[in-house]
Amino acid sequence: GVPVTVIERAAERSPHSKALTLHPRTLEVLAMRGIDGRFVREGTPLPTGHYAGLPSRLDFSVLDTRFPYTLVLPQLRTEQLLEERLRALGGEIRRRHRALAVRQDATGAEVEVDGPDGRHTLRAAWVVGCDGAGSTVRTSGGIDFPGTPTTTTGFLGDVLLDEPPSVPSVANEHGGVLIVPLGEGYY
């Protein structure tokens, strides 16, 4: 029953993989809203997952949940499913819009926005910041995020394989490689 407007800087969704998995708790939250079905039907369950590049994989199969696994589902498809649900509930996405500042008062908040038609202000009861490490929402709220220095670097690529391996995860001397099907021959 709460009207929702999403401010999105990008003009369109990225077609490239960024995130590939939904974790058990995320699936539980989707289930609480009755929308887990399409995600689960389209994804590939994987009973283990990595954490921070550590050599031991986390075993989700021991968790007391309906979802004892990570669900491999490309971020592009996750975003499509979430947007379909948002639109079905009457929400909107304003692409090519960027939050510049947030000001809070006793009854809500104002978001200064820059978009294709120039700058304007939106009024909202709540503002949720999902805008990354350089979050305008977080910094406008005076919330510090010092972070820590990078200790590892990873690479993610969408590749077309003529002969994919028979196992989904392959380890090597440099760490590990996770190979998952994305459809149409891509991994």
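Divide the volume of the convex hull around the Cα atoms of the chain by the residue count and you get 171 Å³ per residue. The listed peptides 142-149, 67-74, 7-14, ordered by packing as a protection proxy, come out as 67-74, 7-14, 142-149 (highest mean of other Cβ atoms within 10 Å first). Site pair Ile143 and Arg96 shows an inter-label distance of 3.0 nm when each label is modelled 7 Å from Cα along Cα→Cβ. Rolling a 1.4 Å probe over the heavy atoms of the protein chains gives segment 1-134 an accessible area of 66 Å² per residue.
Net length available on complete extension from Glu79 to Asp114 is 10.3 nm, with 0.36 nm assigned per residue and the Cα-Cα distance removed. P(r) for segment 5-83, from all Cα pairs and a bin width of 5 Å, is 3, 14, 23, 22, 17, 12, 6, 2, 0 %, short bins first.
What is the calculated FRET efficiency for Val128 to Gln104, with r their C-beta to C-beta distance and R₀ = 22 Å, to the nearest 0.05?
On the way: r = 13 Å, r/R0 = 0.58.
With a Förster radius of 22 Å, E is 0.95.
Scanning residues 5 or more positions from Leu58 or on other chains, those with amide H under 5 Å from its amide H are Gly49, His50, Tyr51, with H placed 1.01 Å from N in the peptide plane. By accessible area, using a 1.4 Å probe on protein heavy atoms only, segment 76-143 has 50% of its surface on carbon and sulfur.
The values are calculated or read from the model by the stated rules, or taken from the named source; none is laboratory data. Bear in mind the structure is a predicted one, so any value in this text is a computation, not a measurement. Using ideal geometry, Cβ is built from the backbone for each residue, glycine included, and neighbour counts are taken over all protein chains shown. For accessibility, only protein heavy atoms count, side chains too; no ligands or nucleic acids. Shrake-Rupley method; radii C 1.70, N 1.55, O 1.52, S 1.80 Å.
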